[in-house]
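Single-structure report; data block below.
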Amino acid sequence: MFKIIEKKDLNKEGSCITIEAKLIAQKALPGQFVSISVENNSGYIPLKLADWNKKEGHISVVCSNVDFFYNKLAKLKSGDNIEQIRGPLGKPTKITKVGEVYCIADGLALAEIYPAIKAFKEAGNRLVSIIEAQNKDLLILEDKIREVSDELFVAINNSKITKNSACDILRDLFDVIDKSTHTHFPDLIYCCGSINLMKEISELTKSYQVNAIVGLNPIVVDTGELCGGCRCEKKGNAVFDYSDGPDFNAEKINFDELNTHLGFIKNNKEKRLKVYNDRSR
């Protein structure tokens with residue numbers, strides 16, 4: 001059993017859950033995720049690690065409060081227990097000193113990218129963060145990300161004051177760099193979040209020939225077995241976020257195929273989860 005030390009609402013859409021998990025905390029690295037089973041026969045769900053403390057032996061994940069797929073986890077509170085957690089899973093983000101790194105994310109993925117932002121900065125890189133939210137109330141971790149970034153740009157979709165999207169901000173930065181003889185393009189772009197954001201960033205970086213990595217976080221119906229929910233297409237070949245990722249070269253991912261696949265999974269996940277639970281009884 002794994003005890004929930006604290007559950008804190010980030011906004012109306014998501015909560016941060018801190019869990020006692022000493023062995024996982026000791027091994028955790030940026031970009032990795034865990035697989036959580038709330039109770040016996042409930043199936044496993046994947047969540048990227050948002051933070052961890054090796055000394056105190058706990059990990060933190062961010063859970064959606066509005067997604068049926070995470071409803072059992074979202075209903076838990078501080079002091080409750082989780083039946084099982086597997087991890088850390090997935091290949092960690094490759095953190096090296098490359099020069100200048102842009103980290104880009106939207107929504108709840110801001111929590112997922114935060115460990116990578118810290119790690120890239122600690123590796124000696126100049127760190128530029130570009131973050132996006134649907135509105136100001138849904139923006140999370142702005143202060144923590146600002147603290148470890150050399151520059152921070154914020155996009156609020158419904159705002160007339162800021163840029164409406166992270167891609168708009170990146171496009172403007174690239175235009176300035178392209179016209180200047182004193183600045184250069186970033187050495188690496190690292191992006192997490194919605195499929196639309198990652199696709200837009202991928203297309204833009206490809207046009208400027210800038211190296212970009214995306215940290216995928218697709219729906220997985222059950223990480224306890226090969227359900228195929230985490231499948232995506234890389235240069236015409238099927239790869240799996242669970243075993244091959246979650247980080248991939250942005251240019252090689254077929255985001256249209258991934259979006260279609262995830263749409264099918266989302267539209268059928270309630271039925272699939274019920275079938276799994278019925279089979280497990």
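Observations
- Flag if Ala123 is closer than 24 Å to Leu188 by Cβ, at pLDDT 95 or above and surrounded by 22 or more Cβ atoms within 10 Å (Cβ to Cβ): no
- Hits in the stretch 140-158 (condition: under 17 Å from the mean Cα position of the chain (by Cα) and surrounded by fewer than 20 Cβ atoms within 10 Å (Cβ to Cβ)): Glu142, Lys144
- Of all residues in the stretch 165-183, none that is touching a residue at least 60 places away in the same chain (Cβ under 8 Å) and over 10 Å from Ile130 (Cβ atoms) has its Cβ atom under 7 Å from the Cβ atom of a residue that is surrounded by 11 or more Cβ atoms within 10 Å (Cβ to Cβ) and aromatic (Phe, Trp, Tyr), 6 or more apart or on another chain.
- Residues in the stretch 5-55 that are over 24 Å from Ala119 (Cα atoms) and hydroxyl-bearing (Ser, Thr, Tyr): Ser37, Ser42, Tyr44.
- Between Pro46, Pro30, Pro92, the distinction of being in contact with a Gly (Cβ under 7 Å, 6 or more places away or on another chain) and either assigned to a loop (DSSP other than H, G, I, E, B) or not assigned by TED's automatic domain parsing to the domain that holds Phe248 (or both) belongs to Pro92 only.
- Residue satisfying all of: in the stretch 164-218; aliphatic (A, V, I, L, M) and in a loop (DSSP other than H, G, I, E, B); surrounded by the most Cβ atoms within 10 Å (Cβ to Cβ) among these: Leu216
- Note on the stretch 1-26: residues that are outside any strand (DSSP E or B) and in contact with a Cys (Cβ under 8 Å, 6 or more places away or on another chain) amount to 1.
- Top-ranked residue in the stretch 88-108 [being among the small types (Gly, Ala, Ser) and within 14 Å of the chain's Cα centre (by Cα); ranked as surrounded by the fewest Cβ atoms within 10 Å (Cβ to Cβ)]: Gly107
Per-residue answers, yes or no, for (1) closer than 19 Å to Phe120 by Cα; (2) under 21 Å from the mean Cα position of the chain (by Cα):
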{"site": "Ile161", "(1), (2)": "no, no"}
{"site": "Asn164", "(1), (2)": "no, yes"}
{"site": "Cys191", "(1), (2)": "yes, yes"}
{"site": "Asn196", "(1), (2)": "no, yes"}
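- Test for Lys22: is it of a type outside the set (Asp, Glu), over 26 Å from Val214 (Cα atoms), touching a residue at least 60 places away in the same chain (Cβ under 8 Å) and not assigned by TED's automatic domain parsing to the domain that holds Ile113: no
- Being surrounded by fewer than 24 Cβ atoms within 10 Å (Cβ to Cβ), out of contact with any Asp or Glu (no Cβ under 9 Å at 6 or more places or on another chain), hydrophobic (A, V, I, L, M, F, W, C) and not in a helix (DSSP H, G or I) is true of Ile161.
- There is at least one residue in the stretch 140-150 that is over 24 Å from Asn11 (Cβ atoms) and either modelled with pLDDT of 95 or more or outside any strand (DSSP E or B) (or both).
- Condition met for Gly79 (on the phi > 0 side of the Ramachandran plot and within 17 Å of the chain's Cα centre (by Cα)): no
- Asn65 meets all of the listed conditions (1) modelled with pLDDT of 95 or more; (2) surrounded by 14 or more Cβ atoms within 10 Å (Cβ to Cβ); (3) touching a Gly at 6+ places or on another chain (Cβ under 7 Å); (4) not β-branched (Val, Ile, Thr) but one, namely (1).
- Just one of the numbered conditions (1) of a type in the set (Gly, Ala, Ser); (2) under 28 Å from Ile213 (Cβ atoms); (3) surrounded by fewer than 17 Cβ atoms within 10 Å (Cβ to Cβ) is not true of Gly79: (2).
The values are calculated or read from the model by the stated rules, or taken from the named source; none is laboratory data. Worth saying up front: this structure is predicted, and the values here are computed from it rather than measured. We place every Cβ from the backbone using ideal geometry, glycine too, and count neighbours over all the protein chains shown.
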